[in-house]
Amino acid sequence: MFSWSLMLAIAIMQPSAAQCAMCSATAEAGVKDGNTEANGLNKGILYLLAAPYIAVAVVGYIWYKKYRRKENVEINMRDEKFHMN
């Protein structure tokens, strides 16, 4: 059921503009006139793109540090061989 819903959603999608009209006009005019506003817009987009990845990396690092195996823990296993027959 989920695959049919996904295929239907993809089939009826309409193309959309990635920026609002004001942002798009500012970026285009800035590039033509030599202003640095477009650079600021691009850096803002990169900042918004990188923020979730950095947050996931920090959570992963904290999780790794908290739940990693300690060095002085002994694992008691039998010396017998395990037979699958």
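Residues Met22, Met84 in ascending order of nearby Cβ atoms (within 10 Å, fewest first): Met84, Met22. Remark: the Cα gyration tensor places segment 23-69 in the prolate category, a/c being 1.5 or greater and a/b exceeding b/c. Taking each residue as 0.36 nm, the span from Ala51 to Tyr64 lengthens on full extension beyond its C-alpha to C-alpha distance by 2.7 nm. Can you list the aspartates and glutamates whose alpha carbon sits under 17 Å from that of Lys43, skipping same-chain ones fewer than 8 residues off? Lys43 reaches Glu28. Among Lys81, Lys32, the ranking by other beta carbons within 10 Å of each residue's beta carbon, starting with the fewest, stands as Lys81, Lys32. Fewest neighbouring Cβ atoms within 10 Å first, the residues Asp79, Asp33 line up as Asp79, Asp33.
Each residue of segment 50-66 was assigned a 3J(HN,Hα) from its phi angle through the Karplus expression (A = 6.51, B = -1.76, C = 1.60, θ = phi - 60°), giving 7, 4, x, 5, 5, 4, 5, 5, 5, 5, x, 5, 5, 5, 4, 5, 6 Hz with x at Gly and Pro.
Computed from the coordinates by the stated procedures, all read-outs in this text should not be read as laboratory data. Quick caveat: nothing in here was measured; it's all calculated off a predicted structure. Using ideal geometry, Cβ is built from the backbone for each residue, glycine included, and neighbour counts are taken over all protein chains shown.
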